[in-house]
Amino acid sequence: MTRLGCTIFHAALAFCAGCSQESGELADMSAESAPSVLIAHRGASAYAPEHTREAYELALEQGADFIEPDLQITQDGVLIALHDLTLGRTTNVREVFPDRFREELVRGESVRRWYANDFTLEEIRELDAGSWFDPRFEGARVPTLSEVIELARGQAGIFPETKAPEVYGDRGYDMERLLVAELERHGLHQTSANPDTGVMIQSFSLESLRIIRHDLGSDLPLTFLISGPDADAWLTPEGLAEVSEVATGIGPTKSLLLQNPDAVDLAHEAGLTVIPWTFRARDASEFATVVEEMAHFLFELGVDGLFTNNPDLFPRTPPEEGS
Ligand code: G3P
Ligand code: CA
């Protein structure tokens, strides 16, 4: 693995996976000189099925500083790495459990949905989470958060996202408490707990982050994800000040920063890190390549890190002048 990029992020990240071992300079690093952080979005998900061991291992090989598990909860209360509330898009659940769907009306149409939370971990372990992506990944499984932590331990950090915590709350689960308890079981619940495996937490729900910070007392770096109709209001001095009462950073969509590049400096002035998403080789928006796109965000706009499906293409240094 290449050097683990790590940063203090305005003192929000007191841990550092590799800098202290390699350079011993952790205490002297300023936010300006800190390297940018490469987050493998759902693993190296351009090349392997998202949120599988195969995608995470490839991300580590490609030099990711953090791997990203989105979190869902099984019926028996286990946190798993899965993006959707449902299993239909990324597993063969329809074939293995053909009758275990809920029928719902969507825009007047009846739709069958196989919710992850309607299945036990043992049942979810039966599912093939690889073939939908490519037949050569047949047999890949949906991992638990615990398995993702063990996979990353000592090699990179993890950046779990509490997904739809209010939906799980309505079903009687406490996603934040489950997450902090799982981190504690692995000795990773506080910033200082394990210097070789950093942990940051992200959510679209500021309330979820508030619970983690204030109710559960975690001092881990927290990133508030920003998109949708309310986005512009969050990217104002007032909005960012409100975020900074709970979180240490923001995670806006990349298009928001292209429309409003001043938001990066505003967030930094509010003491917040900026980690946009999602950078993909197959969709580099207005740029010729995703490498150019990522370089623009890192070295022109000055973001602190980014989420990409292509960790191997992450530019660690600015492009040479004239190239
Ligand atoms: O967590 C950052 C980004 O992953 C948010 O989008 O839908 O891919 O989880 P999503
Ligand atoms: Ca995510």
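Since every read-out is calculated from the coordinates, none of them should be taken as a lab result. Computed from a predicted model, the values in this text were never measured in an experiment. Glycine also receives a Cβ, built like all others from the backbone with ideal geometry; neighbour counts cover every protein chain displayed.
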Problem set entry | Rounded to whole Å, sorted largest first: equivalent-ellipsoid semi-axes of the chain, Cα gyration tensor | 31, 22, 21
Exercise. Which number do you get for Rg(Cα) / (2.2 N^0.38 Å) in the stretch 202-303?
Worked result: 1.09
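According to the Kirkwood expression over distinct Cα-Cα pairs, how big is the hydrodynamic radius of the stretch 50-179, in Å?
Values: mean 1/r = 0.0653 Å⁻¹.
For the stretch 50-179, the Kirkwood estimate is 15.3 Å.
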Seminar exercise, completed: In the chain the DSSP beta bridges are antiparallel at a rate, in percent to nearest 5, of 30 percent
Exercise. Using Cα pairs under 8 angstrom and six or more residues apart, how large is the relative contact order of the stretch 36-136, in percent?
Worked result: 25 percent
Exercise. Once phi is turned into ³J(HN,Hα) by the Karplus curve 6.51 cos²θ - 1.76 cosθ + 1.60 with θ = phi - 60°, what whole-Hz value does each residue of the stretch 170-183 show in order, with x for glycine and proline?
Worked result: 5, 8, x, 10, 10, 4, 5, 5, 4, 5, 5, 5, 5, 4
For this session: Report, by chain and number, residues whose modeled amide H sits under 5 Å from the one on Thr86, excluding near sequence neighbours (fewer than 5 apart, same chain).
Result: Ala116
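Between Glu166 and Glu138, what's the calculated FRET efficiency when r is the beta-carbon distance and R0 is 35 Å? Round to 0.05.
Working: r = 35 Å, r/R0 = 1.00.
That pair, Glu166 with Glu138, gives E of 0.50.
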Problem set entry | Cα coordinate range in the stretch 150-254, projected on the principal axes (Å, largest first) | 38, 32, 23
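Normalised by the number of residues in the chain, what is the relative contact order in percent for Cα pairs under 8 Å and 6+ residues apart? Intermediate values should be presented prior to the final figure.
Values: 679 pairs, mean separation 57.4, N = 323.
The value is 18 percent.
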Seminar exercise, completed: When the charge dipole of the chain is computed with +1 on Lys and Arg Cβ and -1 on Asp and Glu Cβ about the Cα centre, the Cα farthest towards its positive end, among Pro261, Gly239, Leu206, belongs to Leu206
Exercise. Which ³J(HN,Hα) values, rounded to whole Hz and listed in residue order, are derived for the stretch 155-160 from phi using the Karplus coefficients 6.51, -1.76 and 1.60 in 6.51 cos²θ - 1.76 cosθ + 1.60 with θ = phi - 60°, glycine and proline given as x?
Worked result: 10, 6, x, 10, 9, x
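I need the calculated FRET efficiency for the pair Arg153 and Thr120, taking r as the beta carbon distance and R₀ as 25 Å, to the nearest 0.05.
Values: r = 26 Å, r/R0 = 1.04.
Given R0 = 25 Å and the Cβ-Cβ separation, E is 0.45.
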